[in-house]
Every structure is written in structure tokens, then in C-alpha cells.
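The values are calculated or read from the model by the stated rules, or taken from the named source; none is laboratory data. Since this is a predicted model, take the numbers as computed values, not measurements. Please note: Cβ atoms are built from the backbone with ideal geometry, for glycine as well, and neighbour counts cover all protein chains shown.
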Amino acid sequence: MTQNYRITLLPGDGIGPEIIAVAVQVLEAIAPQFDLSFSFTEALLGGAAIDATGSPLPEETLTTCRNSDAILLAAIGGYKWDNLPRAQRPETGLLGLRSGLGLFANLRPATILPQLVDASSLKREVVEGVDLMVVRELTGGVYFGEPKGIFQTETGEKRGFNTMAYTESEIDRIAKVGFETAQKRNKKLCSVDKANVLEVSQLWRDRVTAMSADYPDVELSHLYVDNAAMQLVRNPRQFDTILTSNLFGDILSDIAAMLTGSIGMLPSASLGANGPGVYEPVHGSAPDIAGQDKANPMAQVLSAAMMLRYDLNQPAAAAKLEEAVVGVLDAGFRTGDIFSEGNQLVGCDRISKELLSRLA
Ligand code: IPM
Ligand code: MG
């Protein structure tokens, strides 16, 4: 019997609509081969939502997302909305989506494909073979901590502040995801914090250490975040699974992404305790190249593959998409972000056609 899935599409801004269209095409192409069908519903998020409704996350979008099996998001943001008050900025919509759906666990794999080693800004001998996963806490920490704000002090000077806070239960649930992710990989978990300075990190380290008793098969280590950033560019192969908080994960996942040559290749999954997950490229909306047929749709396609694997439990279909991406790279097709000498520079449309011809 054909299995039907309700997928919410959040194209967002910039190159978002172009790349999500490619993901829809490849999903439709493989659906019959795996006895699947997809009902896609588009909803507004980010700048597009601000322009249409005044809010970066309309209530209707949250409802549509909650009523779906999985959510495919492209990217949000752009110069146009950068100077709006915080409550009306595209980023606020994304953060609201994460917290509204309870997506506390963000999985960001960074795997270097042999075809793209030369696109990395680091030396071949440093990045070859890198295959790591950043498990980032996504609904807590300094991104969401209260109190926060910008207030006038008694001297008339303004003071801006945020609160970096984690409860034990918030730490425990993301640590569990970290240990379980490591168990499915090479069984090495590195927890990253700033316990030499921050109380919130001390609690983080204590809880993670305590939990490691339940996972005797996982080798746990700890690094301070400054050292972790350095180690990521010095010797990235030492890492298997990295577990970290919201802000540190934001920064470290961008570093990890760049090891692979292009942030344009990397997918991510944001998962909650139950309910649909959000699958999105790690890269942003790239407004400077929007609408010019220059965008790399591969991270979006790989995000669709993650969706098939994690939410829809269709690993064979996921593998098919991943193989098509590798096939297109093997044939030498490159968008600008991953171009290197000896390959053919093409646009988003051409990549899409090449993917589809391999999926037929
Ligand atoms: C990311 C982005 C977001 C974040 C922004 C757009 C709010 O940088 O997903 O990494 O900081 O989490
Ligand atoms: Mg980021």
C-alpha cells in the first residue's frame, strides 16, 4: 500500500524557494519507486511571512507544521528585514518555530566527500576522512534564557544582557541524544562547554559525566569551547560526535561545515521528543545570489534525505537521494560554492536536471 506523508514546505527567503523546489522534484521523482506519496503544503516563515502578514511566524504556519509528518525548511533572512525590531525579524520566526515545536535537538553532520576535498580551505591531509556530527541543544541556553533585554541604567547608560541557563532536565535530554547518536556512530562523544568560567557549563559537565555511566560503550571526553574550535581546524578527524549547547553549537557547526569545503553541502535535522522534525540546510538564504540560478541545492536535497531517514523511516529512499548527489559530484558538476579546477561550473537548474536523470 502506498504510504502517504504530509510535508510542510517552508521556502523562506533568498535562494530558499529555488532550492526547495529542487527537493520537491527529487522527492516526487523517487516516490513511486518506494511506494510513497507526498502531500506538500507550503507555509510562510521569515521575511516572506513578514511581507505577507507582518509576523515572521504566523500562527497558521505553526498549525500547518504541527499537522504534518515532517517539515522541510529552506532558509530565512535578508538585508531587507535586517533593521526591523527584533520581534519582527526573520530569525525570530525561526527561533519561534524551534521552540514552538519543541525541537531541542539539532543534528548537524559534517562529512567530507572525497570529491570535494579540494574545495576545503584547509589542507587535504587535515580534512581528508572527516566525518563528524554536531549535536547542538536548540531550545535553551543564552538564545532563550530570561531575563534579557536592553535597559537604561541609573547613570543613563544603556545595558544589554542575556542569560545563559540550563536546567538539569534540559541538559539530560540533549545529552541522551548525544550518547545515542555516538552509539550509532564511532562511539566517541566529546562534550564541549566553558566549565572553567561558567556555572551553567559546570552543571552541564556534571550531568553529562554522570550520564556516561549509562553508556559504558561510549568513550566520553570534555573540551572547553575555545580549545574545541582550535582542535576542529587543527585535527578534525579526532572528532566523532560533539555534544554542545545552543550558542557554542551555532559557532562550532559553522566551523565544522567549512571543513567540508562548502556550507552549501550540509543538511541538518531538528528533532523534538515527539512530533514532526524540521529538516533544513545549514547554510543561510544567500540573498546576494538569489534568483540568479547560482544556488547549490544539494544541502536541501540532503536535508530531504535526512527527513526520509529520521522522521519517515525510509532509509532506502534516503540512500537513493544521497547516491544521486554523489553521482552528480562524481560527474564533475559544481555550483560556484564548491567549484574547483577541472570541474564544470553549473547553476541550480542544471544540478537539478542531473539529479533527476540519476533518479529516473
Ligand atoms: C543557525 C542560524 C540561526 C541560529 C539564526 C539564523 C537564528 O545561525 O541555524 O545556525 O543562530 O541558530
Ligand atoms: Mg548558525
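Restricting segment 94-130 to residues that are among the hydrophobic types (A, V, I, L, M, F, W, C), within 19 Å of Q300 (Cβ to Cβ) and in a helix (DSSP H, G or I) leaves a set whose member that is modelled with the lowest pLDDT is A119. When L232 is tested against (1) within 19 Å of Y143 (Cβ to Cβ); (2) in the same structural domain as Y166 (by TED's automatic domain parsing); (3) hydrophobic (A, V, I, L, M, F, W, C), just one condition goes unmet, and that condition is (1).
Quick one: would you say L72 is within 22 Å of E18 (Cβ to Cβ), buried (at least 20 other Cβ atoms within 10 Å of the Cβ) and out of contact with any Gly (no Cβ under 8 Å at 6 or more places or on another chain)? Before you say what the answer is, go through the steps one by one.
Details: within 22 Å of E18 (Cβ to Cβ): yes; buried (at least 20 other Cβ atoms within 10 Å of the Cβ): yes; out of contact with any Gly (no Cβ under 8 Å at 6 or more places or on another chain): yes.
So L72 fits the description; yes.
Go through segment 211-234 and give me each residue that's of a type in the set (V, I, T) and either buried (at least 18 other Cβ atoms within 10 Å of the Cβ) or touching a His at 6+ places or on another chain (Cβ under 6 Å) (or both).
Initial filter on segment 211-234 (of a type in the set (V, I, T)): 218, 225, 233.
If the condition is that a residue be of a type in the set (V, I, T) and either buried (at least 18 other Cβ atoms within 10 Å of the Cβ) or touching a His at 6+ places or on another chain (Cβ under 6 Å) (or both), then V218, V225 are the ones that fit.
Considering each residue of segment 56-70 in turn, none proves to be more than 18 Å from V278 (Cβ to Cβ) and in contact (Cβ under 8 Å) with a residue 24 or more places away in the chain.
Does Q300 meet the test of being farther than 17 Å from L107 by Cα and in contact with a strand residue (DSSP E or B) (Cβ under 8 Å, 6 or more places away or on another chain)?
Spelling it out, it is not the case that Q300 is farther than 17 Å from L107 by Cα and in contact with a strand residue (DSSP E or B) (Cβ under 8 Å, 6 or more places away or on another chain).
Could you look through segment 8-21, keep only residues that are surrounded by fewer than 24 Cβ atoms within 10 Å (Cβ to Cβ) and aliphatic (A, V, I, L, M), and pick out the one that is nearest to D82 (Cα to Cα)? Out of the qualifying residues, it is L9.
Look at segment 40-69 and say how many of its residues are of a type outside the set (G, A, S) and either buried (at least 24 other Cβ atoms within 10 Å of the Cβ) or within 19 Å of L312 (Cα to Cα) (or both).
Residues that pass the stated criteria total 13.
What tally of residues in segment 306-338 results from selecting those that are assigned to a loop (DSSP other than H, G, I, E, B) and either surrounded by 15 or more Cβ atoms within 10 Å (Cβ to Cβ) or hydroxyl-bearing (S, T, Y) (or both)? Summing the residues that are assigned to a loop (DSSP other than H, G, I, E, B) and either surrounded by 15 or more Cβ atoms within 10 Å (Cβ to Cβ) or hydroxyl-bearing (S, T, Y) (or both) in segment 306-338 gives 4. Beta carbons closer than 9 Å, at least 6 apart along the sequence or on distinct chains, pair a first residue in segment 316-328 that is under 16 Å from I338 (Cβ atoms) and assigned by TED's automatic domain parsing to the domain that holds S352 with a second that is of a type outside the set (D, E, K, R) and at pLDDT below 95 for V325/L113; V325/M265; V326/L113; V326/Q115. Checked against (1) free of Cβ contacts under 8 Å to residues at least 60 places away in the same chain; (2) more than 30 Å from I15 (Cβ to Cβ), I255 passes all but a single condition, namely (2).
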